[in-house]
1. Got a number for residues in the range 185-228 being of a type in the set (V, I, T) and within 13 Å of L118 (Cβ to Cβ)?
2. Quick check on E99: is it of a type in the set (D, E) and surrounded by 12 or more Cβ atoms within 10 Å (Cβ to Cβ)?
3. Would you say I84 is surrounded by fewer than 21 Cβ atoms within 10 Å (Cβ to Cβ), closer than 15 Å to I109 by Cα and either touching an Asp or Glu at 6+ places or on another chain (Cβ under 8 Å) or aromatic (F, W, Y) (or both)?
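Bear in mind that the values in this text are calculations on the coordinates, not laboratory data. All values reported here derive from a predicted model rather than from experimental measurement. In this analysis, Cβ positions are derived from the backbone assuming ideal geometry, glycine residues included, and neighbour counts consider all displayed protein chains.
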Amino acid sequence: MERFILKILDKRSFISFIGGWLLLVLSSQLGARAIVMIDGSSTVYPITEAVAEDFQAMKKGEIRVTVGISGTGGGFKKFCRAEIDIANASRPIQKAEMEACKAASVEYIELPVAFDALTIAINPKNTWSKTITVAELKTMWEPSAQGKITKWNQINPSWPDEKIKLYGAGADSGTFDYFTEAIVGKAKSSRGDFTASEDDNVLVQGIASDKYSLGFLDLLTILRIKRK
């Protein structure tokens, strides 16, 4: 479940809908500074970017919207420091983040906006692992695999005697939290010797450039690539 975390700016705040998409909280305060700052999940970024463009066009440039991709955790850090107005997130806000927001007197509401799925991606030239089990993924990604599980045939004897190149979302990403919890059994529990990035394009380019690569990212990114 993807979501927007919206700061309550004042009691006159309201929610604007554009083309069926839930957009942002606005108030008289925004009229003064004429900018809405958004950051967080790269998974939610395409939705936010599209709606932000429509919103700015509707407002004829009177209000500017900036959208960053520091990851779900990174977005919450900025949000609870009152540095941004909206946090894009691919997981619910956690207890520690709630407490940080409370300490900074940041009030908010949580609005689910979309469903997404996790994708395991391989290079198109990979002909041996068209299917892969959760147990095999755990063997590949669990912390004890670091520096030890380095080749494909260590996962499955029928796979090549070639080095695995792993790609995945960074530790501040909600995608990383979900993947590690679903595959390894504990959120944020993972080997550290893989290429990590909050930018999905970096992951896609890395996987596409190496026959022996494997990575995890959100389904929306895969679908966008297929449409190109």
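1. So the count comes out to 2.
2. no
3. no
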